[in-house]
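Step one of this worksheet: look at the structure below.
Derivation of every value follows stated rules applied to the coordinates shown; laboratory data play no part. Keep in mind that this is a model prediction, so the values were computed, not measured. Glycine also receives a Cβ, built like all others from the backbone with ideal geometry; neighbour counts cover every protein chain displayed.
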Amino acid sequence: MYDALHRQKEVDVNEIKIAARGVQVHYGDNHAIKDVDVDIEDKTVTAFIGPSGCGKSTFLRCLNRMNDTIPICRVEGSILLDGEDIYDKRVDPVQLRAKVGMVFQKPNPFPKSIYDNIAYGPRIHGMARNKAELDEIVERALRRGAIWEEVKDRLNAPGTGLSGGQQQRLCIARAIATEPEVLLMDEPCSALDPIATAQVEELIDELRENYSVVIVTHSMQQAARVSQRTAFFHLGNLVEFGDTSTIFTNPEDPRTESYITGRIG
Amino acid sequence: MTDATLHDGQPAPRKSSLHQLDALTKKRNAAESRFKAYGIVAILIGLFFLVVLTVTIVRSGIPAFTQTVVAVEFTLTQEQFDDAESKLMKTGAYQDYFIAAMEGKLAERGIEMDFDPAAIERLLGKIGSNLREHYRANPGDLGRPVSFELSASSRVDGYFNGRVTRDTLVESRFLMLSDLDLVDALSDAGLLKQAFNWNFITGADSGVDNPGGAGIGASVVGSFFMMLVVLVLSLPIGVAASIYLEEFAPKNRFTDLIEVNISNLAAVPSIVFGILGLAVFIQFMHLPQSAPLVGGLVLTLMTLPTIIISTRASLKAVPPSIRDAALGVGASKMQAVFHHVLPLAMPGILTGTIIGLAQALGETAPLLLIGMVGFVARGYPDGFLDGFVEPNSAMPAQIYTWAARSDVAFYDKAWGGIIVLLVFLLAMNFVAIVLRRRFERRW
């Protein structure tokens, strides 16, 4: 089961894409994230693991300021994207989210055609000057989302009519259509069957060539399979952060060991 | 079940059989059947009242749409025309010719009747002037037979549909017992017939002693202009307010207060809005009295809470994942709302709007306070813009005015007015359903 662990993984040292320092998140009175420091590398898949309610999704949503939509949520500390603080007053969260795309737990295609689902982002960002360019962007995104072959004949069919796995790949394609630099994935496979999960995981591995990918997952096997770096969260603390192979084979912290061996979680 | 029991070759003792319902299941099933029966009974009661209502309205309202007319073929020669025009009492002369012609028709069919010119006037109104107008306008018709359809008074209508009988008739300057003999004679001679009363649909309100001439057309136009004002004001204001409150406004004490007050406004009796309209729009702002514009403003105040509440409910019903998805690809909050949330909420918004408009359409009390009473609707507005400011009435106020008049013949008109009001409402609903179908492409 842990085959991937034993596979020799080349862990290149890439430049740091996102640097989080001293991040604290409060939900009203609830202290959800306690003083977290994390470096997210470019062209790397970083996995956040941990038991339910440990704050991994909350932290992920800090990285593109999706938490801004929750009025009671307060974020402190600094998160630097390419050296710029994304919580700076001058930063427009909308511009940030075009650079840091997001894929959600539940596939959430727009109730529009497959084409319009992909074309929506490029359209509002003015990425295409004409229909031909837009067509090209849509095709490229669907190809990179590994779903082009399945939907190329029915681009005008509703996106919500696809199967769960196809919908999620459509959402990934939609997220990469706007050419983000970082892709955040919040448990992207939790609603999918094993075959669809395998397809999405394969896709994540390919995306690593161009993007920095951060994935939150409940499944330790998945973290082991797709990521190069893993962060283990527990009760709002970042317990351990390091190379995936190290975390799974030789964890430093006893809590990490308990979790990956199934004693807590 | 253990291995031991299997080896004994005896079946394990079964606690219960699936083929026998236990007491609890029976009770549960009975409760379910009872509930279904209650539901069906409730629906049947509702349907029963609906049928009773519809039948009553249609049966009482239909007489307003028909009218008894006297159809006579009449020839006026050039000499008779010149003769009549030379007389002092010109219309009286025309009337004499007409009576002579009618007597001839009756005699042809073997009916002898003595004609009292006053009786003819009571039954058919001032026919002399009608005839004169016709021939002065169409001199070419002189000397050849022209068939006239002269509408009989509403008392004659009442006599035919059973509202007026010989036993209950109170002799008055409107109708004498002897006139009914004439009516019967005309009827026997086949000169009377029932015709569709176009005047009821296209006409304006008439005087209190002329129920036959009353029409609802002017009030329909008044209601139309009012609804236009309500729609144009309350839909954009209501939707904008709801979107702001639901999607953008910070959640604090102040917005909570606004929210509570909007809900309270929806429950304010309509007459309060009428007084408010009178005080603010007419007395303070000096807008014209009895104008559909003012009526529309008052009804907008009444409709806004309904639209805001239903719009907020339908915005809330759009799954948050759609907002996340839009924000996730870098849409701004406003883009997320206008590109994705609002189209999905549109069917609900339309439903709320049509409910609000239907309420406003049927509202009477506030209109009476701002002077849009029925008798104001004496004519059509001169132009489109005049339609907003010229004194007019609205359908419910017109119906109320008719129902309050002492002449029972107006009672039919009130029922007929209700039918027209309901047809107007159905037309509005139809438009809303068509629009909703277009938006309802929810996959």
Subject >> GNM result for chain B, Cα springs below 10 Å: residue of B:ASP141, B:ASP22, B:ASP96 fluctuating most strongly >> reply: B:ASP22
Subject >> For A:HIS234, residues with placed amide H under 5 Å, excluding near neighbours >> reply: A:VAL239
Subject >> Contact order relative to length of chain B, as percent, for alpha carbon pairs under 8 angstrom and 6 or more apart >> reply: 18 percent
Subject >> Number of partner chain Cβ atoms within 10 Å, mean per residue of A:104-111 >> reply: 5
Original post:
To the nearest whole number, what is the average tally of beta carbon atoms from other chains within 10 Å of the beta carbons of peptide A:93-102?
Top reply: 4
Original post:
From the phi of every residue in the stretch B:256-268, what ³J(HN,Hα) in whole Hz does the Karplus formula 6.51 cos²θ - 1.76 cosθ + 1.60 yield, where θ is phi - 60° and glycine or proline is x?
Top reply: 4, 4, 4, 4, 4, 5, 5, 4, 5, 4, 5, 9, 6
Subject >> Lys/Arg +1, Asp/Glu -1 at C-beta; the stretch A:101-255 dipole; positive extreme among A:ALA231, A:ASN156, A:ALA196 >> reply: A:ASN156
Subject >> Most positive-pole-ward Cα, B:GLY46, B:SER270, B:GLY371, against dipole of chain B from beta carbon charges >> reply: B:GLY46
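Compute the Rg to Rh ratio over the stretch B:95-146 from the alpha carbon atoms, using the Kirkwood formula for Rh, and round to two decimal places.
Taking Rg over the Kirkwood Rh, I get 1.02.
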Subject >> Of every Cα-Cα pair in the stretch A:15-260, the percent that sits beyond 23 Å >> reply: 49 percent
Subject >> log10 of Debye I(q)/I(0), alpha-carbon scatterers only, for the stretch B:66-196 at 0.19, 0.22 Å⁻¹ >> reply: -1.10, -1.38
Original post:
Using the Karplus equation 6.51 cos²θ - 1.76 cosθ + 1.60 (θ = phi - 60°), what ³J(HN,Hα) coupling, rounded to whole Hz, does each residue of the stretch B:385-396 give in order, writing x for Gly and Pro?
Top reply: 5, 4, x, 7, 10, 6, x, 8, 10, 10, 3, x
Original post:
Out of B:THR68, B:VAL208, B:LEU297, whose Cα points farthest toward the positive end of the dipole of chain B (charges: +1 Lys, Arg; -1 Asp, Glu; placed on Cβ)?
Top reply: B:LEU297
**OP:** For the stretch A:216-265, report the translational diffusion coefficient in µm²/s to the nearest whole number, using Stokes-Einstein at 37 °C, 0.692 mPa s, and a Kirkwood Rh over Cα pairs.
**Re:** 305 µm²/s
**OP:** Check the straight Cα-Cα distances from B:LYS90 and name the lysines below 26 Å, setting aside those fewer than 8 residues away within the same chain.
**Re:** B:LYS105, B:LYS126
Original post:
Of all DSSP beta bridges located in the protein assembly as shown, what percent are antiparallel, nearest 5?
Top reply: 70 percent
Original post:
In whole Å, what is the distance between the alpha-carbon centres of the stretch A:39-72 and the stretch B:207-285?
Top reply: 48 Å
Original post:
What percent do you get for the relative contact order of chain A when only Cα pairs under 8 Å and 6+ apart count?
Top reply: 28 percent
Original post:
Which ³J(HN,Hα) values in Hz, rounded to whole numbers, follow from the phi angles of the stretch B:44-58 under the Karplus curve 6.51 cos²θ - 1.76 cosθ + 1.60, where θ = phi - 60° and Gly and Pro get x?
Top reply: 5, 4, x, 4, 4, 5, 4, 5, 4, 4, 4, 4, 4, 4, 5
**OP:** Provide the convex hull volume over Cα atoms per residue for chain B, in Å³.
**Re:** 314 Å³
Original post:
Out of every Cα pair in the stretch B:217-439, what percent are spaced more than 28 Å from each other?
Top reply: 37 percent
Original post:
How far is helix B:127-137 tilted off the main Cα axis of chain B, in degrees rounded to 10, range 0 to 90?
Top reply: 90 degrees
Original post:
Relative to the Cα centre, what is the charge dipole magnitude of the stretch B:217-439, using +1 at the beta carbon of each Lys and Arg, -1 at the beta carbon of each Asp and Glu, and rounding to the nearest 20 debye?
Top reply: 520 debye
**OP:** Mind putting a number on the dipole of the stretch A:1-141 about its Cα centre? Charges go on the C-beta only, +1 for Lys and Arg and -1 for Asp and Glu, and I need it in Debye to the nearest 20.
**Re:** 500 debye
**OP:** Could you check which residue among A:ASN210, A:ASN67, A:ASN14 shows the biggest mean-square fluctuation in a GNM of chain A with a 10 Å Cα cutoff?
**Re:** A:ASN14
**OP:** Take the Cα radius of gyration of the protein assembly as shown and divide it by 2.2 N^0.38 Å, with N its residue count; two decimals is plenty.
**Re:** 1.51
Original post:
If you add up the charges near B:TYR400, with Lys and Arg at +1 and Asp and Glu at -1, over every other residue whose beta carbon is less than 13 angstrom from its beta carbon, what do you get?
Top reply: 0
**OP:** Compute the separation of the alpha-carbon centres of the stretch A:109-124 and the stretch B:347-396 and state it in Å as a whole number.
**Re:** 43 Å
Original post:
Dipole size in debye (nearest 20) for the stretch B:66-196 around its Cα centre, Lys and Arg Cβ +1, Asp and Glu Cβ -1?
Top reply: 460 debye
Original post:
In whole percent, what relative contact order does the stretch B:217-439 give with Cα contacts below 8 Å and a gap of six or more residues?
Top reply: 29 percent
Original post:
Top mean-square fluctuation among A:ILE195, A:ILE49, A:ILE33, Gaussian network model of chain A, C-alpha springs under 10 Å?
Top reply: A:ILE195
**OP:** Treat the count of other C-beta atoms within 10 Å as a stand-in for reagent exposure and order A:ARG21, B:ARG109, B:ARG122 from fewest to most.
**Re:** B:ARG109, A:ARG21, B:ARG122
